[in-house]
Amino acid sequence: MNNTPDYILLLQQISDTYTQGRLQAVQAVNVHITQTYWQVGRHIVEFEQGGKAKAA
């Protein structure tokens with residue numbers, strides 16, 4: 001294998017790029033999951049309130 005400083009730098013850049021991509025994907029999924037749970041909660045509240053400003 002080629003263990004020159006340039007090759008090691010290349011491997012580090014590839015690893016960093018991969019890690020950043022995974023992090024961004026996880027963050028995007030977390031945003032969508034949070035939005036989904038918030039919407040589910042809103043549906044439940046609206047059902048419980050039955051169109052009124054406050055649940056009984």
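Every number in this text was worked out from the coordinates using simple rules, so none of it is lab data. Because the structure is predicted, anything quoted here is derived from the model rather than measured. Note: ideal-geometry Cβ built from the backbone for every residue, glycine included; neighbour counts use all protein chains shown.
Just a few scattered comments:
- Adding -39500 (n - 2.57) for every DSSP H run of four residues or longer, then dividing by how many residues the chain holds, sets the calculated 222 nm ellipticity at -30000 deg cm²/dmol.
- Projected label distance in nm at Asn30 and Lys52, using a 7 Å step from Cα toward the beta-carbon: 3.9
- When only the Cβ of Lys, Arg, Asp and Glu is charged (+1, +1, -1, -1), the dipole of the chain relative to its Cα centre reaches about 360 debye.
- For the pair Tyr37 and Leu11, a Förster radius of 35 Å applied to the C-beta separation gives a FRET efficiency near 0.35, rounded to the nearest 0.05.
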